[in-house]
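Notes follow once the structure below has been shown.
The values are calculated or read from the model by the stated rules, or taken from the named source; none is laboratory data. Since the model is a prediction, treat every value here as computed from it, not as a measurement. Using ideal geometry, Cβ is built from the backbone for each residue, glycine included, and neighbour counts are taken over all protein chains shown. Quick note on the areas: whole protein, heavy atoms, side chains included, nothing else; ligands and nucleic acids left out. Shrake-Rupley method; radii C 1.70, N 1.55, O 1.52, S 1.80 Å.
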Amino acid sequence: ESAPRSTEDVDSDLEKLYRRGKQFYVVGNIELAIRHYREALRSDPDHKASKADYKKLKKLQRAMAEAESKLPRTVEGGRKVQLEQRENAETALKYLDEALAVAPPAVYRAELFAHLCKCHTTLKNGDKATHSCAEHKRLDGGSTGSRLYMAEAHILNEQFDAASGEYHSILETDENHRESREGLQLIEKLKRRAGQVDYYKILGIGRSATEKELKRAYHKMAVQYHPDKYAAKSEADAAEADKKFKEIARAYEVLGDEELRRKYDLGEDPDEQQQGGGQRGGNFRPMHHGGQRVHVHFG
């Protein structure tokens, strides 16, 4: 018969299991780390270090899995799809915060900040997108993927030169990189549009405004500048109000149309789209929402 194992031998094996689990945890292999911690806890359910790390790792694993299931996807679709993407991004942010609260090693933080970057960019949270994308780029060693994310954040904040710099850095190592070339083309379109009318600014809303927020802003502005309110005013005031009212109507015509808004956000000229066969221009009816007339009360 073999001699019974000493307490020192058992403790030594426990420490080995714990250290191996810790090593796998640090390099990003969650499954193997959990397996080693479980084996250690089967030998000694009260092993404090294994128990603490096991709980931490399970929490991290769950939060990352939940976040990844809700990450925004690159899909085509109308406002309904976009709203779903935004809702998913909001949910993912909560789980990402939970994961970061565990204070995981750098290998996990690089991925978590990439997800944060994508969510904040989707939600058009300019400052938060810049911060999370920059942190991902730092943790990921300035990889191509991290530079693409960083460029998108810069574009969101209309920092076109900084975005161009990211794309050019990628092209220095891969001159045929398609996404970088497309990104530079988008920047040129947006720069040309910078000197043109800003429909979002006219309505006083951000680029992430929902359909409901858009309608509310349009209604408020249209009531404020409706020509009927200026009928008894001076000719100059009435003319200025009429001009403003038409600008508001045009802004809503573009932003209230899913396809026109999508193209406008991509830096394309909505007037060119309509000249190419669009039919909304002559049929637009101000102060109507979804086929229902909006009754304007001037108080």
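Annotations for the structure displayed:
- Extension gain (nm, one decimal) between Ser169 and Leu100, 0.36 nm per residue minus Cα-Cα: 21.9 nm
- Once Rg and the Kirkwood radius are both taken over the C-alpha atoms of the range 111-254, their ratio Rg/Rh works out to 1.15.
- Asp269/Thr210 FRET efficiency (R0 22 Å; Cβ-Cβ; nearest 0.05): 0.35
- Of the chymotrypsin sites (Phe, Trp or Tyr not before Pro) found in the range 135-170, no site is in coil according to DSSP while having at most 13 other Cβ atoms within 10 Å of its Cβ.
- Mean accessible surface per residue for the range 121-162, computed with a 1.4 Å probe while every protein chain stays in place, in Å²: 48 Å²
- Solvent-accessible area, 1.4 Å probe, carbon plus sulfur percent, for the range 171-214: 43 percent
- Shown for the range 82-191 is the translational diffusion coefficient from the Stokes-Einstein equation, using the Kirkwood radius over Cα pairs, a temperature of 20 °C and a viscosity of 1.002 mPa s: 150 µm²/s.
- Across the range 95-146, the convex hull enclosing all Cα atoms gives 67 Å³ per residue.
- Sorting the Cα pairs of the range 19-105 by distance into bins of 10 Å, from 0 upward, gives 17, 37, 24, 14, 7, 1 percent per bin.
- For the residue pairs Lys215/Lys246; Lys201/Lys229; Lys243/Lys263, the C-alpha atoms sit more than 18 angstrom apart in Lys201/Lys229; Lys243/Lys263.
- For the range 9-61, the share of accessible area belonging to carbon and sulfur comes to 49 percent (1.4 Å probe, ligands and nucleic acids excluded).
- Between Leu184 and Leu32, the contour length at 0.36 nm per residue exceeds the alpha carbon distance by 50.4 nm.
- Between Val197 and Thr91, the FRET efficiency estimated from the beta carbon spacing at R0 = 30 angstrom works out to 0.25.
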